[in-house]
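Each remark here refers to the structure printed beneath this line.
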Amino acid sequence: MEARATVKYARISPRKVKIVLDLIRNQPAEKAMAILRFTPKAASEYLEKLLASAMANAENNHNMDVSKLYVAECAVAPGPILKRIRPKDHGRAHRINKRTSHMTLVLRERED
């Protein structure tokens, strides 16, 4: 039995999200929430909401025990890139890529 939550089209680079995901992988859900709350990274805000959603899904939809949950899988995939133009000197233009992310979090119960 597993509980899953996803965030799509989040306006943050997947590279930045991956750093924070590595901190919470295979951690108990409560500890992962504490890690996210005190990690000073932009991705922490998105992932904190995602983890809260996954915990709520586990409790309400799958009748799982919240105290036994752990982060079994977490992944980030690149979403569409918003391409913008930045004016440069001598009439040139440089592209700015505004990257997006699709994040997935899977919680499972510990087998004690």
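Any read-out appearing in this document is the output of simple, stated calculations on the displayed coordinates, not a laboratory observation. What you see is a predicted model; the values in this text were computed from it and never measured. Here the Cβ positions follow ideal geometry from the backbone for every residue, glycine too, while neighbour counts run over all protein chains shown.
Quote the charge dipole size of the stretch 1-59 about the Cα centre in Debye, to the nearest 20; the model charges only the Cβ of Lys and Arg (+1) and of Asp and Glu (-1).
Dipole about the Cα centre, nearest 20: 360 debye.
Cα atoms only: what Rg and Dmax, in Å, come out for the stretch 40-112?
19.2, 67
So, with +1 on the Cβ of K and R and -1 on the Cβ of D and E, and no other charges, what is the size of the charge dipole of the chain about its Cα centre, to the nearest 20 debye?
1260 debye
Going by Cα centres, the stretch 1-41 and the stretch 77-112 are how many Å apart?
Rounded to whole Å, the Cα centres lie 16 Å apart.
Could you tell me which helices of the chain pass both thresholds, a Cα extent of 24 Å or more along their own axis and a mean Kyte-Doolittle hydropathy of at least 0.0, with helices taken as whole DSSP H runs?
none
With the radius of gyration and the Kirkwood radius both derived from the Cα set of the stretch 1-73, what is their ratio Rg to Rh?
That ratio is 0.95, to two decimals.
Between ILE81, LEU36, HIS102, whose Cα lies farthest towards the positive end of the dipole of the chain when Lys and Arg beta carbons carry +1 and Asp and Glu beta carbons carry -1, centred on the Cα centre?
Result: ILE81.
Please list 3J(HN,Hα) in residue order for the stretch 75-91, calculated via the Karplus relation 6.51 cos²θ - 1.76 cosθ + 1.60 where θ = phi - 60°; whole Hz, with x for glycine and proline.
After applying 6.51 cos²θ - 1.76 cosθ + 1.60, I find 8, 9, 10, x, x, x, 9, 7, 9, 10, 10, 10, x, 10, 5, 6, x Hz.
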